[in-house]
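The values are calculated or read from the model by the stated rules, or taken from the named source; none is laboratory data. Just so you know, these numbers come straight off a predicted model, no measurement behind them. Please note: Cβ atoms are built from the backbone with ideal geometry, for glycine as well, and neighbour counts cover all protein chains shown. For accessibility, only protein heavy atoms count, side chains too; no ligands or nucleic acids. Shrake-Rupley method; radii C 1.70, N 1.55, O 1.52, S 1.80 Å.
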Amino acid sequence: MSKAKGMVANMRKSTKRAISALLCLTLAASSFGIPGYASAEKVYKKTDAESRIPTYNDSIDYKLYLEQYADVASATQEIVLNGSDYVKSSTDMDVTVEGKNVVLGKEGSITWSVNVPSDAMYEISLDYCAVDNQGNDIQMALRINDEIPFAQASSFTFRRMYTDESKDYQLVRGNQAAPSQIEYIGWQKASLQDTEGHYPGPLKFFLKKGQNTISLSSLKDIMMINKITLKPITDLPSFDEYFAEYEEKGVEVIYKAGTSHVQGEDAMLKSSPSFRPQNDRTSSVTEPYDPTYIIMNTIGGSNWSATGDWMEWQFNAPQAGLYKIAVRYKQSENTGFSSVRMVTVNGEVPFEEAMDVRFAYNSEFQVETLKSVDGKDLYFYMEEGVNVVRFTCSLGGYASIVTKIDDIIEDLTGVYQSITAITGTAPNSYQDYQLLKRLPNLTDDFSRISDKLDKVKNELIELTGGFSDVSASMD
């Protein structure tokens, strides 16, 4: 049975990866504007593609974990732990302390102790800095009181930052070559979130009253931690609530179009060295454009499709106020789907609708202001001066579909194991295993799973407004 279980595990992983890739989708950006503004130093090593695939253990799923602690209230106060205040590390963890910071080794675990006033649910965030010249995304497992609380906590991904080595390519009066990418070393704040994106937003963790331990185990590469913050659960406001709050404060809505403008290829920072400026010659309106020479004038496309990958741009707002953000983009690779991006401004998701901003399919470039799923124009508060807008790949509204498909895969796994317990993984085509007699519920199980899959397919069709490659594969 060990071989069969291994096959099942591989089947689940590959299926989940395929579904997530299909639903996250790609986006090529030509330019960004705020109607009413663009603008380190180690050459990266090639990223290991496998470093982006989390390997979960056999703990319960996050959904069941939440059900288990459904009656536990949110914490009411924030607790901050300095990186240097750890209480112990394993013998194989090479730890270095630098002031209030701690540098973790490539192997082993490190533990902090925290005293909480009552049983409560917390969000957990890390202020971290990637140690340079490593090349892979950083992966860590989290344990609370020496146990991994749920499967998704067995592999968290912390991304590095990259930028163009220089902008000299823009001065070339002929064929331009995409600039080399170098790693940008700097501090990042990251809430612990589901790496695969099935559960959008920060995850919630239960801590019991009294003394608790929080441990991080290194799975891949090194990082420095400045602090770990345990925060009360925060619910994002709706856009209407967000807008009304700023209106009450007398904040001006900026209606003047084209106040600020930045080219898509001028992304300031990005989470992957594969996000290089590209050439697109399909539209003469794309800036800059040349009918003969290769000119770098877009960024993104098929490379920009993994959940959690991001790019960010700097905008200079002439005055504080509420602004629309317009994007000229093309999403022509995934028929029947919208690409989904989570939008943050100056490091914060401003409102609930910004978790699920969609970019519709079209074979041509489009110019659209950011809208909610129901088509409402979205406004974002910008401070006077430089503001940072980040787009992060997300499953958005598709996440619930993926979670339901994952449940169906679990059901199919159970049926598969029941069958292979009788037939083995290489059944004899000349032998009658009498499966319907030995597994009397087999037909009912398949019928039940088929009905569940059909309902999910219909949900997907309703969500996307028509048939797609994914709904076809469900059929």
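Only one of (1) out of contact with any Pro (no Cβ under 6 Å at 6 or more places or on another chain); (2) open to solvent by 30 Å² or more (accessible area, probe 1.4 Å) fails for Ser191. Which number is that?
(1)
Scan the stretch 290-312 for residues that are under 20 Å from Asp168 (Cβ atoms) and either among the hydrophobic types (A, V, I, L, M, F, W, C) or open to solvent by 40 Å² or more (accessible area, probe 1.4 Å) (or both) and report the count.
So the count comes out to 6.
Yes or no, residue by residue, for (1) over 16 Å from Tyr398 (Cα atoms); (2) surrounded by 11 or more Cβ atoms within 10 Å (Cβ to Cβ); (3) touching a strand residue (DSSP E or B) at 6+ places or on another chain (Cβ under 6 Å):
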| site | (1), (2), (3) |
| --- | --- |
| Ala421 | yes, yes, no |
| Ser429 | yes, no, no |
| Tyr433 | yes, yes, no |
| Leu442 | yes, yes, no |
| Asp451 | yes, no, no |
| Ile461 | no, yes, no |
| Asp469 | no, yes, no |
| Met474 | no, yes, no |
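Out of curiosity, is Phe337 out of contact with any helix residue (DSSP H, G or I) (no Cβ under 8 Å at 6 or more places or on another chain) and either surrounded by 20 or more Cβ atoms within 10 Å (Cβ to Cβ) or among the β-branched types (Val, Ile, Thr) (or both)?
Against the criterion (out of contact with any helix residue (DSSP H, G or I) (no Cβ under 8 Å at 6 or more places or on another chain) and either surrounded by 20 or more Cβ atoms within 10 Å (Cβ to Cβ) or among the β-branched types (Val, Ile, Thr) (or both)), Phe337 does not qualify.
Pull up the stretch 330-354, narrow it to residues that are of a type in the set (S, T, N, Q) and in a loop (DSSP other than H, G, I, E, B), then point me to the one that is nearest to Glu241 (Cα to Cα).
Ranking the candidates gives Asn346 first.
Kindly list the number of the only condition in (1) open to solvent by 50 Å² or more (accessible area, probe 1.4 Å); (2) over 25 Å from the mean Cα position of the chain (by Cα); (3) at pLDDT 95 or above; (4) not aromatic (Phe, Trp, Tyr) that fails for Leu66.
(2)
Quick one: count up the residues across the stretch 355-408 that are in a loop (DSSP other than H, G, I, E, B), open to solvent by less than 20 Å² (accessible area, probe 1.4 Å) and touching a Leu at 6+ places or on another chain (Cβ under 8 Å).
Selection size over the stretch 355-408: 4.
Please specify each residue of the stretch 239-265 satisfying the condition of being of a type in the set (D, E, K, R), over 17 Å from Asp377 (Cβ atoms) and loosely packed, with under 13 Cβ neighbours inside 10 Å.
Answer for the stretch 239-265, where residues must be of a type in the set (D, E, K, R), over 17 Å from Asp377 (Cβ atoms) and loosely packed, with under 13 Cβ neighbours inside 10 Å: Glu248, Lys249.
Let's see how each residue does on (1) within 25 Å of Asn101 (Cβ to Cβ); (2) of a type in the set (A, V, I, L, M, F, W, C); (3) at pLDDT 95 or above:
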position	(1), (2), (3)
Met121	no, yes, yes
Ser125	yes, no, yes
Cys129	yes, yes, yes
Gly135	yes, no, no
Ile144	yes, yes, yes
Asp168	no, no, yes
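Which one of the conditions (1) closer than 21 Å to Thr392 by Cβ; (2) open to solvent by less than 10 Å² (accessible area, probe 1.4 Å) does Thr157 fail to meet, given that it meets all the rest?
For Thr157, the exception is condition (2).
Of the conditions (1) at pLDDT below 95; (2) farther than 25 Å from Lys63 by Cα, Gly396 fails just one. Which one is it?
So Gly396 meets the others, but not (2).
Going by the structure shown, is Val327 within 23 Å of the chain's Cα centre (by Cα), farther than 15 Å from Ser260 by Cβ and surrounded by 20 or more Cβ atoms within 10 Å (Cβ to Cβ)?
no
Determine if the stretch 201-208 includes at least one residue that is closer than 30 Å to Asn115 by Cβ and at pLDDT below 95.
Checked against the condition, which is being closer than 30 Å to Asn115 by Cβ and at pLDDT below 95, the stretch 201-208 yields at least one hit.
For the stretch 266-277, enumerate the residues that are open to solvent by 10 Å² or more (accessible area, probe 1.4 Å) and not in a loop (DSSP other than H, G, I, E, B).
Within the stretch 266-277, Asp266, Leu269 qualify.
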